[in-house]
Amino acid sequence: MITNISLSAQSKKILFVLSAEDTLQLNKGEKLRQTGVFLNEFYLAHKSVTEAGYLVDFAAPNGIVATIDIESINDKYWKNNLEGKEDALTFTRSNSSFNNPITLEKAIENKSDYVGLIIPGGQGLMIDLFKDKNIPLLLKYFAKENKPTGLICHAPSLILTIPKEENPYIGFKVNSVSPFEEFVIERFIMKGKPENRKIAKRLRKLGLKYRRKLPKSNFAIKDRNLVTSQNPFSGNAFNKMYLEALTEYLEEGLTKGSRTK
């Protein structure tokens, strides 16, 4: 069975949805800050699934190439993996798929081609993806089909784009950037408050069971098809759980297939 799963994985695709936003307004527009996708949150997840044999498509609003948040190039987010940071930067410059993303509309058109969805974090998504009508459509489809959905750091906020009466994730355990981490980011890194914030509080209010650990923890949660993680230091936990979710999904498909024969 493991061999069959591996072979199946090689013919399956993961959809990565990236923000195309590059500027964040703070303090009600009084201050502008460069923003985008967090480098290690997208690259380490991408590396994990491709090394496991999966293919990847990148999608972004209007097919615009993602901007990398300059903050995420800081060595502190890479700890003892500075070589990995250089590999990630090289990837963003040279990878054809990353530099030629499809539109979100095309991703929806091709949605049945994908076995899973991953949306990396970064403040950029709080601007464009959060307001994009395609995001709730994608999230609801992957939930309905029980396809593994990975939302990293700020990305769990996108669950808020689905109205409560049709939200498939009500009651799920969920994680995201924690309130204290948001405070630190706003006070000491960005030195300003964005319009879209307080993710954990809003997820709880919507009806999800928010869980967190200490700042900078390597922490993720898997609840059925949904895998969410807390911060740029949670890559190992996220990648492990997401691959487990993919394996479970493929095993379930093989079991259903054998039953229909």
Within region 193-217, the residues that are open to solvent by less than 80 Å² (accessible area, probe 1.4 Å) and farther than 17 Å from residue 167 by Cβ are 194, 196, 197, 215, 217
Checked region 97-106 for anything closer than 9 Å to residue 58 by Cα and either aromatic (Phe, Trp, Tyr) or touching a strand residue (DSSP E or B) at 6+ places or on another chain (Cβ under 6 Å) (or both); matches are 97, 98, 101, 102
The helices (runs of 4 or more DSSP H) lying wholly within region 166-261 that contain at least 3 residues that are modelled with pLDDT of 95 or more and touching a helix residue (DSSP H, G or I) at 6+ places or on another chain (Cβ under 7 Å) are 199-206, 235-260
query = Can residue 254 be described as surrounded by 15 or more Cβ atoms within 10 Å (Cβ to Cβ) and either within 18 Å of the chain's Cα centre (by Cα) or in contact (Cβ under 8 Å) with a residue 24 or more places away in the chain (or both)?
reply = no
Reported set for region 26-63 where residues are assigned to a strand (DSSP E or B) and surrounded by fewer than 17 Cβ atoms within 10 Å (Cβ to Cβ) is 31, 32, 34, 55
Those residues of region 155-166 which are open to solvent by less than 10 Å² (accessible area, probe 1.4 Å) and not hydroxyl-bearing (Ser, Thr, Tyr) amount to 155, 156, 158, 159, 162
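Given the options 188, 238, 180, 172, name the one that is open to solvent by less than 20 Å² (accessible area, probe 1.4 Å) and more than 16 Å from the chain's Cα centre (by Cα).
Details: 188 fails: open to solvent by less than 20 Å² (accessible area, probe 1.4 Å); 238 fails: more than 16 Å from the chain's Cα centre (by Cα); 180 fails: open to solvent by less than 20 Å² (accessible area, probe 1.4 Å).
Criteria check complete, one pass: 172.
When you check residue 9 against the structure, is it of a type in the set (A, V, I, L, M), closer than 30 Å to residue 137 by Cα and modelled with pLDDT under 95, yes or no? Break it down into steps so the answer makes sense when it comes.
Numbers: of a type in the set (A, V, I, L, M): yes; closer than 30 Å to residue 137 by Cα: yes; modelled with pLDDT under 95: yes.
The answer is yes for residue 9.
Per-residue answers, yes or no, for (1) touching a Ser or Thr at 6+ places or on another chain (Cβ under 8 Å); (2) of a type outside the set (Val, Ile, Thr); (3) more than 23 Å from residue 31 (Cα to Cα); (4) in contact (Cβ under 8 Å) with a residue 12 or more places away in the chain:
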residue: 169; (1), (2), (3), (4): no, yes, yes, yes
residue: 197; (1), (2), (3), (4): no, yes, no, yes
residue: 206; (1), (2), (3), (4): no, yes, yes, yes
residue: 214; (1), (2), (3), (4): no, yes, yes, no
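It is to be established whether one or more residues within region 227-235 are open to solvent by 50 Å² or more (accessible area, probe 1.4 Å) and either farther than 18 Å from residue 72 by Cβ or aromatic (Phe, Trp, Tyr) (or both). Full working, then the answer.
We begin by selecting, within region 227-235, every residue open to solvent by 50 Å² or more (accessible area, probe 1.4 Å); these are none.
No.
Hey, which of the helices (runs of 4 or more DSSP H) in region 71-147, taking only ones fully inside, have at least 1 residues that are under 26 Å from residue 234 (Cα atoms) and open to solvent by 40 Å² or more (accessible area, probe 1.4 Å)? First the steps, then the outcome.
On the way: elements: 82-94, 104-109, 134-144.
Ranges flagged: 82-94, 134-144.
The values are calculated or read from the model by the stated rules, or taken from the named source; none is laboratory data. Being a predicted model, the structure only gives us computed values, none of them experimental. With ideal geometry, Cβ positions are generated from the backbone for all residues, glycine too; neighbour counts draw on all protein chains shown. Each accessible area value is taken on the protein alone, full model and side chains, heavy atoms only, with ligands, DNA and RNA left out. Shrake-Rupley method; radii C 1.70, N 1.55, O 1.52, S 1.80 Å.
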